[in-house]
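Student: The following block contains the structure, expressed as structure tokens.
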Amino acid sequence: MGDVSGRTDPEALAAFGLPDDFQTPADPGLEIWPENESAVQLFVAMGTQWAAPGMTGRPTGMRYEALPAVMRYCSIPAAEQPGAFAALRIMERAAMEAINGK
């Protein structure tokens, strides 16, 4: 197990060409616009629903049969569900492109 004391090892910093006083940048977080909150919540909640058939183990998309239960879990109102699903598909497509390097 590595050093978890929070101290920065000057030799390790030097090995990467970093100065002794290097500080890790603060994580600014991820800003989500209010109009996208339901869709992002749905995408995160569907994170365990990736289908990865075959021998490659690479996901081919999300398992939509879980979608109604996940939408209920996320308390997405019926009127918002078509828009949330459309946004989910956009995020799914972008994730697939990132996973497959396209």
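Table: residues versus (1) modelled with pLDDT of 90 or more; (2) more than 14 Å from the chain's Cα centre (by Cα).
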{"site": "Q49", "(1), (2)": "yes, no"}
{"site": "G57", "(1), (2)": "no, yes"}
{"site": "A69", "(1), (2)": "yes, yes"}
{"site": "Y73", "(1), (2)": "yes, yes"}
{"site": "A78", "(1), (2)": "yes, yes"}
{"site": "A95", "(1), (2)": "yes, no"}
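Student: Also, I was wondering about something else. Of all residues in region 25-67 being of a type in the set (S, T, N, Q) and not in a helix (DSSP H, G or I), which is farthest from P82 (Cα to Cα)? Give the steps one after another, and end with the answer.
Tutor: Going residue by residue through region 25-67, those that are of a type in the set (S, T, N, Q) are 36, 38, 41, 48-49, 56, 60.
Narrowing further to those that are not in a helix (DSSP H, G or I): 49, 56, 60.
Working: Q49: 19, T56: 32, T60: 22 Å.
That would be T56.
The values are calculated or read from the model by the stated rules, or taken from the named source; none is laboratory data. This structure is a prediction, so every number in the text was calculated from the model and none was measured.
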